[in-house]
Each structure stands twice: as structure tokens, then as C-alpha cells.
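A.B. asks: The structure's right below; bear with me while I get my questions together.
Nothing in this text is a laboratory measurement; each read-out follows from the coordinates by a stated rule. Keep in mind that what you see is a predicted model, and the values were worked out from it rather than measured. Please note: Cβ atoms are built from the backbone with ideal geometry, for glycine as well, and neighbour counts cover all protein chains shown.
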Amino acid sequence: MQNTALTETHTSLGAKMVPFAGFNMPVSYEGVNIEHETVRKGVGVFDVSHMGEFLITGANALDLIQKVTSNDASKLINGKAQYSYLPNDKGGIVDDLIVYKIEDEKYLLVVNASNIQKDWDWISSHNTMNADMRDLSAEYSLLAIQGPKASAAMQSLTSVDLEAMKFYTFEVSDFAGIDNVIISATGYTGSGGFEIYCKNSEVQQIWNNVLKAGAAYDIKPVGLAARDTLRLEMGYCLYGNDINDTTSPIEAGLGWVTKFSKDFINAEALAKEKERGIERKLIGFELDERGIPRHDYDIVDGNGNTIGVVTSGTMSPSLGKGIGLGYVPAIFAKPGSKINIQVRKKAVPATVIKLPFYKG
């Protein structure tokens, strides 16, 4: 089990630690509902240093990224990031990721912790153009400072005008007394905020200063349990649950980051699938009655026939009702459609809704 540079700090704060993607990670400190509300209404800080970072550089860096990712990275300007995924050659998804353009011929790919080695091997196997690749995952830490008060709480720590930063932009600048830190207006919560990339040797100083600067705004450390409820309220996919090596990106609703204006791995097959029309689709649903949908629960029709499966589900802290994602035949995917979730022995009625669940 790997530790992040802050593992001892989390333990000293009373965090409940659990194994996640090969790392010893804080799942909660005070409780998921308290931490969830902290991010929705104030500001919280997550240690997400388990994520992977690959630096792709050189004259052929963009060519490699264009080949292995679905989105069009040629549209990126310096200081801009984009959400994308790595299609495999069988119609599924190797991983979803964020691509950062640091400068011309210099890109950072941020990948999921559970897929670091798999992604590295996959991208390396397609690096026929000999772009320079470095795996920085073990050297770098990542903090997510999330919530509507994040800008105000963190402004004293940097010369960057945080309030002026647009979504999916970033700057390499000073933060909490450290130079050359990536300050990124990205996140996985839907409540705004920033992600801070720094070296492992710098993260303790940054963490301490973040908590100190945020004290006047009631900042709290937040664990992975609230990160999951926050992302699910936004309808964001979690790799390993909602998308994986066998799920179609078109069925998963990732057509918006699938750009057929360029050539990439499996582009032809995905274009045909999109043209043909999909037979099933990832939907969001809310339970009409009390109950909590969970991963792998069956989705059934009015006659009790299994029509799909729940990929992610929880009790929404913001909405006070059971919510989830799952794949169903396209005829059941229209918002307003009625389905049922098999919660143990009871088929609980549910309604398909337009994402996100949480409107802010």
C-alpha cells in the first residue's frame, strides 16, 4: 500500500484511512455529510495525490496526444486544460484524463490513480513518433481546494487573481510561499475551486498554509467519501464504475469530447457507432421513494424484467434522496421515463432525470 506525502498528517487529524487504488487514503474526517456540505457551501481541501501525472514534451508531443486521446488537443492554448479520454481499440475506454498545455511542446496528462501503469503502458505502446515521456506520478502531490469560498479563502496565498481564473484554465505561479506551482481552476465537485500541483517535498507547507489561510472561512479537510457524493450529484463518471475498458464512450455520454475532425485510436469504429445510433445509454435517476441505490443493483422495468444495472449510487446529501447512474436501453433513457431499482427484495420506483442532479 502506497502512502501520499500527507498520510501521517491525515492520521493525526483523525481521518479514517482506507485502501484506494493501491494507496492509503483518507475516506472521511468528521463524516461524509458534514464534509459534503462544507464543499457545497464553503471551502474544503482534499489530498488527491494518488492521481497520476505524465509529462509529454518535444516536437512530437502533440502528435502523440492527438493519436491517443479523443478530444482535439490542437485547440489548446498555453494555460488551458481539456477533459478527454483514452479510447482503446475494442470500443471501450482505457481511462479518462485531463490534458494541460503548459507551453508549446510541453503537456501534462493527469490520469486516474488506479490506471497509472495501464495508461503509461498504453500511451508508450503508441509512441511511434518518439515524443519524450516522463512519469512524474511518484514525485508530485495534488491538493483540490473546492467550494464557492475557495477564491476568497486562498487569495492571500498567491499573486494570481483567483477570482478572474476561468474554468479549465491554469497558471504556473507562486502559491503558499512556493514558486512554480500549477494552480488549476479545475475540480471534480461542481462547486468551483482549484487544484494545486506541487512536489512531494512542498506539499506539507502548502497544506499547512491552506488550512491557516482558510481558517477564517471554516475550511475543513475532506475525504474520498464526500468526493464521491459530490461528483455523483454532478453526474460525473467515475472510472471503474460508470466507464471502463468495455463501456462505449458514446453510450457513456462522452460524445462531446470525441472529436472526429482528427484521427485517433478507434476513431472510425466510434464514428460508425455514433452514426448508427446507440442501443443503450448512461442515465441519471432519482428514487421516487425512500431507498439507497448501490453499485451493481439491477434496474428493472414495470414487469420486473432486468433492463440494466446501477453503476454509481448514493443518498444525495444535497437533495436528501437516492440518486444514481446506470446503463439502460435507449427507449428508457429519456428524462421523465419511469424505471425501478431493485433494492434488495423491493423494486423501488425511480425517474430518469437530466443531469446534473445538483443545480447549485
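A.B. asks: What FRET efficiency, computed as 1/(1 + (r/R0)^6) with R0 = 35 Å and r the Cβ-Cβ distance, is obtained for GLU286 and LYS166, rounded to the nearest 0.05?
C.D. replies: After rounding, the FRET efficiency stands at 0.65.
A.B. asks: Under the 0.36 nm per residue contour assumption, what length would be gained going from the current alpha-carbon distance of LYS359 and ASN200 to full extension?
C.D. replies: Here the answer is 53.7 nm.
A.B. asks: Shape verdict for region 52-135, please, from the Cα gyration tensor: rounded (a/c under 1.5), prolate (a/b greater than b/c) or oblate. Walk me through the intermediate numbers first.
C.D. replies: On the way: a/c = 1.44, a/b = 1.31, b/c = 1.10.
Rounded, since a/c falls under 1.5.
A.B. asks: If you don't mind, there's one more thing I want to ask. Under a cut-off of 22 Å between alpha-carbon atoms, report the lysines in cross-link reach of LYS80, not counting same-chain residues fewer than 8 places apart.
C.D. replies: Cα-Cα hits under 22 Å: LYS67, LYS101, LYS106, LYS166, LYS199, LYS259, LYS262.
A.B. asks: Measuring from centroid to centroid over Cα atoms, what is the spacing of region 208-262 and region 98-141 in Å?
C.D. replies: 19 Å
A.B. asks: Quick check for me: using +1 on Lys/Arg Cβ and -1 on Asp/Glu Cβ, what's the dipole size of region 203-360 about its Cα centre, in debye to the nearest 20?
C.D. replies: Using only the charged Cβ atoms, the result is roughly 380 debye.
A.B. asks: Here is a further query. For the chain, what is the calculated [θ] at 222 nm in deg cm²/dmol (nearest 500), taking -39500 (n - 2.57) for each run of four or more DSSP H residues and dividing by its residue count? Display every interim value, and only then the final one.
C.D. replies: On the way: 8 runs with 74 residues, N = 360.
-6000 deg cm²/dmol, from helical runs alone.
A.B. asks: Let me ask something additional. Viscosity 0.890 mPa s, temperature 25 °C: what is the translational diffusion coefficient of the chain from Stokes-Einstein with a Kirkwood Rh over Cα pairs, rounded to a whole number of µm²/s?
C.D. replies: The diffusion coefficient I find is 116 µm²/s.
A.B. asks: Here is a further query. Which residues' amide hydrogens lie under 5 Å from the amide hydrogen of ILE93, considering only partners 5 or more residues apart or on another chain, with H built in the peptide plane?
C.D. replies: ASN88, ASN244, ASP245, THR246, THR247
A.B. asks: Which of ASP242, ASP179, ASP63 has the fewest other C-beta atoms within 10 Å, and how do the rest follow up to the most? Mind showing how you got there, number by number?
C.D. replies: Details: ASP242 25, ASP179 9, ASP63 17.
So the residues, fewest neighbours to most, are ASP179, ASP63, ASP242.
A.B. asks: Using only the alpha carbons of region 280-353, determine the length spanned along each of the three principal axes and report them from longest to shortest in whole angstroms.
C.D. replies: Computed over region 280-353, the largest-to-smallest principal extents equal 29, 25, 18 Å.
A.B. asks: When the Karplus curve 6.51 cos²θ - 1.76 cosθ + 1.60 is applied with θ = phi - 60°, which whole-Hz ³J(HN,Hα) does each residue of region 258-268 get, with x for Gly and Pro?
C.D. replies: With coefficients 6.51, -1.76 and 1.60, one gets 10, 9, 7, 6, 9, 9, 8, 4, 6, 4, 4 Hz.
A.B. asks: Please order LYS259, LYS90 by the number of other Cβ within 10 Å, starting at the fewest.
C.D. replies: Working: LYS259 18, LYS90 10.
Listed from fewest to most nearby Cβ atoms, that is LYS90, LYS259.
A.B. asks: Follow-up question, since we're still on this one. Mean-square fluctuation check for the chain, GNM, Cα pairs under 10 Å: which of TRP120, TRP256, TRP207 is largest?
C.D. replies: TRP256
A.B. asks: A further question follows. Any idea how far apart THR306 and LYS321 come out in nm if each label point goes 7 Å out from Cα toward Cβ?
C.D. replies: In this crude label model, THR306 to LYS321 measures out at 2.7 nm.
A.B. asks: Which far-off residues, 5 or more places away or on another chain, put their amide H under 5 Å from the one on LEU238, with H placed in the peptide plane?
C.D. replies: Distant-sequence amide H within range of LEU238: ILE243.
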